[in-house]
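Notes to accompany the following structure.
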Amino acid sequence: MATYSDQAIVLRSYKLGEADRIVVLYTQGRGKVRGVAKGVRRTKSKFGARLENGSIVKVQLYEGKNLDTVTQVERVFAGLEFRADLQHYARVAMMLEVVDKVTEDGVRDAAMYRLLTGALQEFEKNLNPLVVTAFIAKLLLNEGIAPRVDACSVCGSTENLVAFQLSEGGVSCKNCRRGQSVSPEALAALGTVFNGQVREMLDTTPDDVVFELEALATHMVEQHIDSPLKTKAAFT
Ligand SMILES: [Zn+2]
């Protein structure tokens with residue numbers, strides 16, 4: 001059996017027996033990996049708080065037959081700002097849940113790893129929900145989902161766009177209306193988000209548009225994974 005090292009984001013963990021936890025890691029080199037963190041539920045655990053959800057860590061694991069065992073953890077990113085606030089943390093938990101839902105164990109996806117580490121670090125800096133919305137847009141694009149945001153997905157009209165439905169291909173006009181109503185301001189901003197230019201919008205987008213986009217992004221991702229998210233309740 002071999003030992004390997006990787007960089008990883010802690011997606012979640014769950015109890016195993018009396019004192020251990022299984023940690024679900026999204027690694028740079030191997031995609032999603034489950035590892036046993038032994039003794040982590042004891043107060044004197046050598047891993048301490050380093051394996052908190054949303055942390056970015058350097059880990060060493062020992063390959064096992066069924067499960068790998070975490071042997072070393074060094075935290076490189078803690079996310080102290082977003083961890084200090086329940087609503088901000090709920091947004092992070094949502095991103096982690098989405099990545100957990102759309103990925104399979106052991107499938108490497110360097111783009112997905114970059115997207116999530118980038119979003120965590122950017123959100124830690126400015127705590128703007130637009131970062132989370134932009135993350136969802138990029139994740140969908142990475143999954144091959146490219147909704148139409150500049151013209152009606154039914155008739156192609158670029159005027160009177162009023163609604164959005166992911167399963168129908170994107171926005172729709174007043175005559176073809178499918179899905180959820182969206183304000184003209186949010187629709188205009190959505191185009192910018194899907195074009196990857198969110199940075200320009202961070203300081204200038206009004207709160208009501210930010211929250212409307214966030215609700216829309218949540219809705220999109222729930223349609224994509226075909227189930228409600230567990231972690232959205234704190235902010236919608
Ligand atoms: Zn139309």
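Values quoted throughout were computed directly from the atomic coordinates according to the rules given, and no laboratory measurement underlies them. As the structure is a computational prediction, the values presented were derived from the model and not from experiment. Cβ: placed from backbone, ideal geometry, glycine included. Neighbour counts: every protein chain shown.
Overview of results
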| read-out | value |
| --- | --- |
| Cα-projected label distance for TYR62 with ARG42, points at 7 Å along beta-carbon direction, nm | 1.5 |
| For the chain: relative contact order, % (alpha-carbon pairs under 8 angstrom, 6 or more apart) | 16 |
| When the convex hull of its Cα atoms is projected in every direction, mean area for the stretch 111-236 (nm²) | 7.5 |
| For the stretch 1-19 and the stretch 154-172, distance of Cα centres in Å | 43 |
| Ranked list, fewest to most other Cβ atoms within 10 Å of each Cβ, for ASP150, ASP226, ASP208 | ASP226, ASP208, ASP150 |
| Cα centre as origin, Lys/Arg/Asp/Glu Cβ charges: the chain dipole, Debye | 1100 |
| Gyration tensor over alpha-carbon atoms, the chain, equivalent ellipsoid semi-axes in Å | 37, 18, 14 |
| Cβ-based exposure ranking for ILE136, ILE56, ILE145, in which fewest neighbours within 10 Å come first | ILE145, ILE56, ILE136 |
| In degrees, nearest ten, helix 86-102 long axis to first principal axis of the chain (Cα) | 90 |
| Ranked THR3, THR218, THR43, criterion: other C-beta atoms within 10 Å, fewest first | THR43, THR3, THR218 |
| All aspartates and glutamates inside 15 Å of LYS38 as judged from Cα atoms, apart from same-chain residues fewer than 8 positions distant | GLU18, ASP20, GLU52, GLU63, ASP68 |
| LEU80 paired with LYS15, simple spin-label distance in nm, labels 7 Å along Cα-to-beta-carbon | 3.1 |
